[in-house]
Amino acid sequence: MIISVNPATGQELARFEPHTPDAVEAALANAAQAQRQWARVPVTERVELLRRMATALRAGKERYGRLITLEMGKPLPEAEAEVEKCAWNCDFYADKAPDFLADEVTDSNASESAVVFDPLGVVLAIMPWNYPFWQFFRFA
């Protein structure tokens, strides 16, 4: 059993059953399948989704900030700033993605050559770090 506790009060917030090895394997397989579909989504659509994510983060900044504060004890202004940083990150990559992901034509001995930026695939990152939202957005 995993128990989430408010570090300021010691109050139990929630209990979670750990995943079984089979459940973890199924989740990883589902993530790999979803990534193959995501890789086919055009950059223009991804940009729009990033903009919507930024809007959603800002709309929920106070709620998300309270949750971060409740679950880990981070001061509320810092928690809300973390959420805002994630929204800013979405905006930044929405603005820059078309240029960052554009193929780069390069000279070679072939008739045509380019550096092409393809998705990496599924990345699993487990990090003990006091930035619960930013952990996700810095890898996305």
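Rule-based calculations on the coordinates, nothing more; no lab input. This is a predicted model, so every value here is computed, not measured. In this analysis, Cβ positions are derived from the backbone assuming ideal geometry, glycine residues included, and neighbour counts consider all displayed protein chains.
Values for this structure:
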read-out: Over segment 7-140, relative contact order from alpha-carbon pairs under 8 Å, at least 6 apart, %; value: 25 percent
read-out: FRET efficiency, 1/(1 + (r/R0)^6) with R0 30 Å, evaluated for SER113 and THR44 via beta carbons; value: 0.75
read-out: Low-density loop cleavage sites - trypsin sites (Lys or Arg not before Pro) in segment 38-68, where at most 10 other Cβ are within 10 Å (DSSP); value: ARG40
read-out: Which of GLU112, GLU71 has the fewest Cβ neighbours within 10 Å, and the rest in rising order; value: GLU112, GLU71
read-out: Set of lysines with alpha-carbon distance to LYS74 below 22 Å, sequence-local pairs under 8 removed; value: LYS61, LYS85
read-out: Estimated inter-spin distance, ALA27 and VAL105, nm [label 7 Å along Cα→Cβ]; value: 4.6 nm
read-out: Read-out Rg and Dmax of the Cα atoms in Å, derived from the coordinates shown; its label in (1) 19.4, 67; (2) 15.6, 47; (3) 14.4, 52; value: (1)
read-out: Nearest 10 degrees, 0 to 90: helix 43-59 Cα axis against the chain principal axis; value: 20 degrees
read-out: Which of ALA81, THR106, LEU120, positive extreme of dipole for segment 42-137 (C-beta unit charges); value: ALA81
read-out: Taking MET72, MET127, MET53 and counting other C-beta atoms within 10 Å, the order from fewest to most; value: MET127, MET72, MET53
read-out: VAL5, VAL115 arranged by Cβ crowding within 10 Å, fewest neighbours leading; value: VAL115, VAL5
read-out: Helix-only CD estimate at 222 nm, as mean residue ellipticity for the chain, using -39500 (n - 2.57) per DSSP H run (n ≥ 4); value: -18500 deg cm²/dmol
read-out: Between 0 and 90°, nearest 10: helix 21-38 axis offset from the chain longest Cα axis; value: 40 degrees
read-out: Computed E for GLU17/TRP134 - FRET, C-beta separation, R0 22 angstrom, nearest 0.05; value: 0.25
